[in-house]
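Okay, structure first, notes after.
The values are calculated or read from the model by the stated rules, or taken from the named source; none is laboratory data. Because the structure is predicted, anything quoted here is derived from the model rather than measured. As a convention, Cβ positions derive from the backbone with ideal geometry for all residues, glycine included, and neighbour counts pool all protein chains shown.
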Amino acid sequence: MRANRTLFKRFNSRYVKRGAYECWEWIRPSSRGYGELNNKPGLVVRAHVVAWRLKKGEWPKPGECVCHTCNNKKCVNPNHLYLATTGENIKDAWRDGLCKIPAPQVGSKHWKALLTEDQARRILRQKGIKTSRELGKEYGVSAACVKKIFQGKNWRHLHEGW
């Protein structure tokens, strides 16, 4: 408990506290934009996670992320923090435009696509009428490619709408 008291004391001296609804910015060293504190020798804890611990009285469980409603990585205002799963955190980051990698490309936008959306739909409509081999020859792709379209392994997004 003594180590926690020291951690919290150090935490409280390393940010600028403003109004209850404003961001409280971390003013000490940070990594990737997030404030950090040494919890124990060799163990670094993100400052906003410590803020969550101070507010809720417990550390997040494995698989839980402490997230920011304000999208400010330096913010340690507990009113701006909420718990989410890693998946929810990633979805929120995509929604808020915070991810640097582009969204995965599907269908004819995928760099390996050999067919257009329209061609893939026509292939799907031919299921049970023509063989995979016949359709592959007709559209210039392999029979295996046609089978994957039928199974929903490729062009999966087309299966939802038809």
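Let's see how each residue does on (1) more than 16 Å from the chain's Cα centre (by Cα); (2) touching a residue at least 12 places away in the same chain (Cβ under 8 Å):
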site	(1), (2)
Trp52	yes, yes
Lys61	yes, no
Glu64	no, yes
Asn71	no, yes
Leu83	no, yes
Gly87	no, no
Arg95	no, no
Val106	yes, yes
Gln119	yes, yes
Given (1) at pLDDT 85 or above; (2) more than 24 Å from Ala20 (Cβ to Cβ), number of the condition Ala51 does not satisfy: (2)
Can you pull out the residues in segment 92-121 that are part of a helix (DSSP H, G or I) and closer than 30 Å to Thr69 by Cα? Asp92, Ala93, Trp94, Arg95
Determine if segment 17-29 includes at least one residue that is modelled with pLDDT of 90 or more, closer than 21 Å to Gly63 by Cα and in contact with a helix residue (DSSP H, G or I) (Cβ under 8 Å, 6 or more places away or on another chain). no
Can you confirm whether segment 93-105 contains a residue that is surrounded by 14 or more Cβ atoms within 10 Å (Cβ to Cβ) and either among the polar types (S, T, N, Q) or in contact with a strand residue (DSSP E or B) (Cβ under 8 Å, 6 or more places away or on another chain) (or both)? no
Does segment 108-120 include one or more residues that are surrounded by 13 or more Cβ atoms within 10 Å (Cβ to Cβ), of a type in the set (A, V, I, L, M) and more than 30 Å from Ile149 (Cβ to Cβ)? no
